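The values are calculated or read from the model by the stated rules, or taken from the named source; none is laboratory data. Here the structure is a predicted model, which means the values were calculated and not measured. Because the Cβ atoms are built from the backbone with ideal geometry, glycine has one as well, and the counts that use them run over all protein chains shown.
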Amino acid sequence: MAMVRFPSFGTFPGLFQEMERMKSEMDRLFAGFMGRAPLSAVDSGVSPALNVIEESERFLVDAELPGVRPEDIEISIEGNTLTLRGERKKEDLDNVSYHRRERGAGKFQKALTLPAEINPDAVEAKFEHGVLKLVLPKAEHAKPKKIPVLTVRATEASTSVVDI
């Protein structure tokens, strides 16, 4: 009877490191593909979390920006791309020890490609309780169009019979 040898646990650390590297690379790849920042950028606490709602004639965007002053936010629209830039300033507190610090400080930039072009002249922005609320009307040519259906009156319709 042949003896089967299994690898020792000493050979697994390299395998686990390689699997972790591949996982990180896949996270980065899919984050870019899906239009999101890699998890490391989201975990920093600087990039805002967004809710985006599409209505027939506009998009509504809520961006969580606690600790960011309205004057430190820049909003730009180009075609169907919304870009938010800003900075959360670091709090300088003297003689303190943090037990937990989850909200990061620093500059951020987040670009979002929407499925329709925006009318930049009609955008509304309000900042309330740490939430930036944007109303982004769709460009006129991007709005849904109602097409009337015409009917033919019975008096206008004629039928003819042809003998073959």
- Item | Filter result (of a type outside the set (D, E, K, R) and either surrounded by 13 or more Cβ atoms within 10 Å (Cβ to Cβ) or under 12 Å from L134 (Cβ atoms) (or both)) within the range 110-123 | A111, L112, L114, A116, I118, N119, P120, A122, V123
- Tell me, please, whether a residue that is surrounded by 11 or more Cβ atoms within 10 Å (Cβ to Cβ), in a strand (DSSP E or B) and modelled with pLDDT of 70 or more can be found in the range 19-37. no
- Message: I need the full set of residues from the range 42-81 which are within 24 Å of A122 (Cα to Cα) and in contact with a Phe, Trp or Tyr (Cβ under 8 Å, 6 or more places away or on another chain), in order please.
- Response: P48, V52, I53, L65, P70, I73
- Query: Here is a list of conditions, (1) at pLDDT 90 or above; (2) closer than 19 Å to V131 by Cα, and G106 meets all of them except one; can you say which number that is?
  - Reply: (1)
- Message: Between D94, D72, D121, which is at pLDDT 90 or above, farther than 27 Å from A139 by Cβ, more than 16 Å from the chain's Cα centre (by Cα) and not small (G, A, S)?
- Response: D72
